[in-house]
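Here's the structure, in structure tokens; my notes come after.
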Amino acid sequence: MNSRAWNQAWLIRALPLAVLVLVIGTVPSAQAATVTSEIQRSVRGVTFEVVVPKAKEDRLAYDKPLPLELLPFVERNDKYWSIGTAFAIGPGQFVTAGHVFLSVLGSQFGPPALRDSAGNVYPVGQVTRFSSNEDFVVFTAAGPANVKALDVNRQPVIDEPVYAVGNALGEGIIIRDGLYTSETPEQQDGRWKWIRFSAAASPGNSGGPLLDSAGRVIGVVIGKSPNENLNFALPIARVLNAPEGRATFDENFVQKLPNLNSTLPGRATRQFALPLNFPEFASAYLKIVGEENQKSRALLRKTYANELFPAGAGSAKVLATVVNDRFPRLLGHDGNSQWQAADPDGLSGIDVPGGVRIDTASQYGVGLFRMSQKAGAGTQLAQVDSKAFMDLLLKGQRVMRQVGTDAVRVTSLGTASRDDINTDSFGRQWQRRIWPLSYIDGFAVTLSLAVPDGHVGLVQTIPAAGFEAALENLELMRDYFYVSYGGTLPQWSNFLSATALRPTAFKELRLKRDKQESLEVSSPNLSMKLRPEALAVDDKSNVTLLMTFMLAGDRLNWDVGGVVVTQDPDKKTQVSVVRQPRPSELAGDEVTVRWKQMVGREAPFNSLAKADVTENSFWIVGIADPSGSRASAANAPAALYEVTCVAERDVLPWDLEEMLRMTLRDLVVTDR
Amino acid sequence: MSQRYQSQLCRCAGALGLALLASGLTIFPIGAGASEDRLQQLRSYYRALRQQTWQLYESANMLPRDIRGLTIADDLRAHGLTREKARSLDEQLAAAESGAGQDGEALVDATAMAVTTQLLGEVGRFTEIANYWTGSGVAVRARDNWTSFLKINGLPEAQDLDPAIPVLEKRLLEELQAGDFRAAGRVSAPELAALYGKARMTLTRQVAGSRSGAAPVRDFRNRSAPCTTPSPQPPGGPAYPPTSRRLSQEGTVVLRLRQSPEGCTVAAAVVISSGYTALDDAAVDWALQTPADPGEARGPGVERTKDLAVSFKFEDE
């Protein structure tokens, strides 16, 4: 769920080195005014930094020691992250900006606390008042004795000098001056007016007091416009008049899915009772966010039911096309909101020692990876634990930790803190692993499927704040995950015997070499026996099952859409059987023409061998028809199978004809 | 009028390449030079034969079935470089190559000679198959064409055919059955095609006389473009439709032309079909695009109708 972008969007990307809440830049004010040093002293006495403890230990490993000497002295030696400012509004009662607390909900760093200028730290007690869209929180803390609340001015005057007090950029409490320039109605409904002021405000200022020239509080500093020195403060009267013992959650948001162009704006208005201590407050708040996220996501899916795959423009073409790719892809909208199974972006790969290859890419803002093992390689990918798994992935996916002006490559995240298995809508077993990434106060998440030659999956870094909701949205992408399953015969044998990670669609799958050295592949809709006369297989040979989405009535299934058997990964000789479902009228010309050619056994589906002598390429394509007899256009079956034989070297046409004949002889395709 | 064309198939089938291959082999100097070089040369001839086989095989997509209902791929599969023959050549060449450069020069020579003989035989047979399939008029299904010619022109099915035709057909089938593509391709098939062509022409002439003034078999089509300035050049013939040329379709179309007082053809109809719609269409298109002919002008107010025969025929090789 996205809330007000101007003060919270940064959370998605920010590094905690800048976990100083309140946004961007400093522009010095031209207006000079004076507050007496006495006032300054008293203001400093009641204004505190809001801090959270730093992670005590680093579970990560790097390719070189962290150059901590590049960090500023204070940051290097501080045991706390400074995240904002708070000030006293009564005995033991403090206020800060709501988003200062929200930024550390679910944080790995522990609950926020107050720190005075002498470095004393006071834990936050109870949250007593909270409003998400007014963006304030009132809480108790066992602060230092004798903290006297500042006087309050509920009727400040425009054009008068003001002073922004706060922990700017983590430098401790400082005071900067400017003017009360104007007012801006609250964005949602104009229920109150923000104070706009020109006193400089910097990251860390959030939650600090805005004072008049007499040192009286007129507002709580909230945020600033990104490009101008016109900062925001909430009038202090809104805080003081707010009802005690109530948290108000009132947010506009836009619900969206990464792979869907359609979005759904919404508004959530909820309340819960206070006081609660911080962990209770955090869980109550996150519960609401979770519920609202689920509700709006359900509404999004209901609202756009006619646009979601397998309905919606472009779906017919996706359903009528079988993709052969062992690197995964996500189904999703293209720019014109047509469903597509497009190639992912930025595919790159690296071979790592142990015969393992890591390929990575991204699509719809989600990372995709494939971790594959060469035949007979030393590393057994099926057995790697979470630490070894991520260590390998980090070899392919560059993750850099910024330290001062340097960046250091992360080489290990250690053991995952969560490691479990979940099933998606199609019976695929997803291994979910989560590692804390304390240096960004976030988590690395992988959702992966075991495949015969390794693992494929999704990878994403998610900030701790709003983690669960973001994780749920990521998990929705599992149902759009498209990938072929491939490996050598020994790899398949191991894969199929490890039942915990085997998709339910493979329960009835048989894939093995029999005593006559024939390869048998049989799934519910396809059964083939490949004799050595057609193609001789050995332990080097690769079998790829083209897994695809198929409609059976109204039900969307995930099943075998084709088989590709490659004699030797380094050579061209192969046999493939690929299902072509009868395309619907919406599937587009390309598929429709292809279907007509298949039904009519026209070229290239005419069982005549073809040669491209310059490319040293020789092949033949025939058709297998589930109805047994040859179909006509009038009684075309629900699917036909394209059978292709490819030869490595200079063969004669009849060699390929024979290869095709032998393949077709022991091929049975059905259509459910 | 009559036009002469050259069959495209004669060129596209690569017969020329094969002729070169064959002549290269006949002058191949057995026993001369280093054995490796000779083997290498043999190997390259063998490779050329395989490539030619592929080319001709792939033309099965373009060529119609012949009088037996078979394709060129069927003949190549059964009578060309079969799997067995290829295996034998592969083995002999491999054996010769493994012996080359060692003591077995004599053995290599003997093998090279055997391979050469076999290759020559294969090349010869291949050339005859190619010739049968690509020679003018042979690839067509002669009897089917005759039947469709009669049907389009609304003529009775029972016609007095030259008694030589069924005899020749029988002979051709026997030759093909025996794999004698030389006799079939060089003699029987061209003769049969010529006899059918003659029969069509004879019938066309007969009918043309009887149909003078009678209704055409296909209606008049009007000229769409205006008549251009009278051209001083004699009008050329119609363009041979590429598909018809590829399929070795020949024939004569009789057109009926309506001409304006200026000698411009304003409408044309098919009086007697060639038996092929594509040729008929090409003739009508051509007639409606020819410029006005001042020689045909009959003066103000006088329109004229005349019949014109347009022939599509390949040049004799």
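None of the figures in this text is laboratory data; all of them are computed from the coordinates on show. Since the structure is predicted, the reported quantities are computational estimates derived from the model, not experimental observations. Note that we place each Cβ from the backbone using ideal geometry, even for glycine, and neighbour counts take in every protein chain shown.
Which lysines have a Cα less than 19 Å from the Cα of B:Lys313, not counting those fewer than 8 places away in the same chain?
B:Lys198
Can you compute the FRET efficiency between A:Gln188 and A:Gln271 using 1/(1 + (r/R0)^6), with r the Cβ-Cβ distance and R0 = 22 Å? Round to the nearest 0.05.
Plugging the Cβ-Cβ distance into 1/(1 + (r/R0)^6) gives 0.85.
Can you sort A:Asp420, B:Asp162 so the residue with the fewest Cβ neighbours within 10 Å comes first?
Numbers: A:Asp420 10, B:Asp162 13.
Fewest-to-most ranking of A:Asp420, B:Asp162: A:Asp420, B:Asp162.
Is there a quick way to get the dipole size of the protein assembly as shown? I mean about its Cα centre, with the Cβ of Lys and Arg at +1 and of Asp and Glu at -1; what is the value in debye to the nearest 20?
Values: 104 positive and 109 negative charges, 321 e Å.
Using Cβ point charges on Lys, Arg, Asp and Glu, the protein assembly as shown gives about 1540 debye.
Straight-line reach from A:Lys395: which lysines have Cα under 25 Å away, leaving out those fewer than 8 places along the same chain?
Result set, ordered by chain and number: A:Lys64, A:Lys374, A:Lys387.
What FRET efficiency comes out for A:Glu475 versus A:Glu69 if R0 is 45 angstrom and r is the Cβ-Cβ distance? Round to the nearest 0.05.
For R0 = 45 Å, the calculated efficiency reads 0.65.
Projecting each Cα onto the charge dipole of the protein assembly as shown (Lys/Arg +1, Asp/Glu -1 at the beta carbon, about the Cα centre), which of A:Gln126, A:Leu664, A:Asn557 comes out farthest on the positive side?
After comparing all options, I get A:Gln126.
Amide H to amide H under 5 Å from A:Asp250: which residues, 5+ apart in sequence or cross-chain, H placed 1.01 Å off N in plane?
Hits under the 5 Å cutoff: A:Ser132, A:Asn133, A:Arg270.
When Lys and Arg each count +1 and Asp and Glu each count -1, what net charge do the other residues less than 11 Å away from B:Ala184, Cβ to Cβ, add up to?
-3
Compute the distance in nm between two label points, each set 7 Å from the Cα along the Cα-to-Cβ direction, one at B:Asp37 and one at A:Glu57.
8.0 nm
Using R₀ = 41 Å, calculate the FRET efficiency as 1/(1 + (r/R₀)^6) where r is the Cβ-Cβ separation of A:Ser262 and A:Val593; round to 0.05.
The computed FRET efficiency comes out at 0.85.
Would you kindly calculate the translational diffusion coefficient of region A:210-251, applying Stokes-Einstein with the Kirkwood radius from alpha carbon pairs, for 4 °C and a viscosity of 1.567 mPa s, and quote it in µm² s⁻¹ without decimals?
Rounded, D is 107 µm²/s.
Give me a single rounded figure for B:41-53: the average over its residues of other chain Cβ atoms within 10 Å of their Cβ.
Going residue by residue through B:41-53 and averaging, the value is 1.
Stick to Cα atoms and the Kirkwood definition of Rh, then tell me Rg/Rh for region A:187-313.
Using Cα coordinates only, the ratio equals 1.08.
Could you tell me which helices of chain A pass both thresholds, a Cα extent of 30 Å or more along their own axis and a mean Kyte-Doolittle hydropathy of at least -1.0, with helices taken as whole DSSP H runs?
Sorted by number, the helices that extend far enough and score high enough are A:278-303.
Quick one: grab Rg to one decimal and Dmax as a whole number for region A:416-536, Cα atoms only, in Å.
Considering region A:416-536 through its Cα atoms, Rg and Dmax are 18.3, 61 Å.
Sort B:His79, A:His333 by Cβ crowding within 10 Å, fewest neighbours at the top.
If I rank by nearby Cβ atoms, fewest first, I get B:His79, A:His333.
Ignoring everything except DSSP H segments at least 4 long, calculate the 222 nm mean residue ellipticity for chain A; use -39,500 (n - 2.57) per segment, divide by total residues, nearest 500.
-5000 deg cm²/dmol
Quick check: pseudo-label points 7 Å beyond the Cα along Cα→Cβ at B:Asp109 and A:Ala342, how many nm apart are they?
7.1 nm
Using only the alpha carbons of region A:120-261, what is the convex hull's orientation-averaged projected area in square nanometres? Please list the in-between numbers first.
Numbers: hull surface 44.1 nm².
Result: a mean projected hull area of 11.0 nm².
Restricting things to alpha carbons, tell me how big region A:500-643 is in terms of Rg and Dmax, in Å.
In Å, with Rg to one decimal and Dmax whole: 16.5, 48.
In cubic angstrom, how much convex hull volume per residue do the alpha carbon atoms of region A:297-389 span?
139 Å³
Provide, as a two-decimal number, the C-alpha radius of gyration of region A:600-666 over 2.2 N^0.38 Å, N being how many residues it has. Walk me through the numbers on the way to the answer.
Working: Rg = 13.1 Å, N = 67, 2.2 N^0.38 = 10.9 Å.
Cα-based Rg divided by the globular estimate yields 1.20.
From the C-alpha coordinates alone, can you work out the Kirkwood hydrodynamic radius of region A:229-290, in Å? Mind dumping the intermediate values first?
Details: mean 1/r = 0.0691 Å⁻¹.
One over the average 1/r among Cα pairs gives 14.5 Å for region A:229-290.
If the cut-off is a Cα-Cα distance under 23 Å, which lysines reach A:Lys596, setting aside same-chain residues fewer than 8 apart in sequence?
Those lysines meeting the cut-off are A:Lys317, A:Lys610.
When the Kirkwood radius is taken over all Cα pairs of region A:417-482, what Stokes-Einstein diffusion coefficient follows at 25 °C and 0.890 mPa s, in µm²/s?
In µm²/s, the coefficient rounds to 199.
Would you kindly calculate the mean projected area, averaged across all directions, of the convex hull enclosing the Cα atoms of region B:166-316, in square nanometres?
On the way: hull surface 43.5 nm².
Dividing the Cα hull surface by four gives the mean projection, 10.9 nm².
Would you mind giving the average projected area, over all directions, of the Cα convex hull of chain A in nm² with one decimal?
The directionally averaged projection comes out at 33.5 nm².
Using only alpha-carbon positions, what ratio does the radius of gyration of region B:243-317 give when scaled by 2.2 N^0.38 Å?
On the way: Rg = 14.1 Å, N = 75, 2.2 N^0.38 = 11.3 Å.
Cα-based Rg divided by the globular estimate yields 1.24.
Cα-Cα pairs above 15 Å in region A:480-550: how many percent? Provide the component values of the computation, followed by the final result.
Working: 1383 of 2485 pairs.
Of all Cα-Cα distances in region A:480-550, 56 percent exceed 15 Å.
What does region A:37-173 give for Rg and for Dmax, in Å, if only its C-alpha atoms count?
Cα radius of gyration and Dmax of region A:37-173 are 16.9, 58 Å respectively.
Would you calculate the convex hull of the Cα atoms in region A:340-445 and tell me its volume per residue in Å³?
Here the figure is 147 Å³ per residue.
For the pair A:Leu551 and B:Asp160, how long in nm is the line joining their label points, each one 7 Å along Cα→Cβ?
6.7 nm
Mind ordering A:51-63, A:200-212 by average Cβ neighbours within 10 Å, highest first? Before the final figure, lay out the partial values.
On the way: A:51-63: 15.5, A:200-212: 28.5.
Per-residue mean Cβ counts within 10 Å order the peptides as A:200-212, A:51-63.
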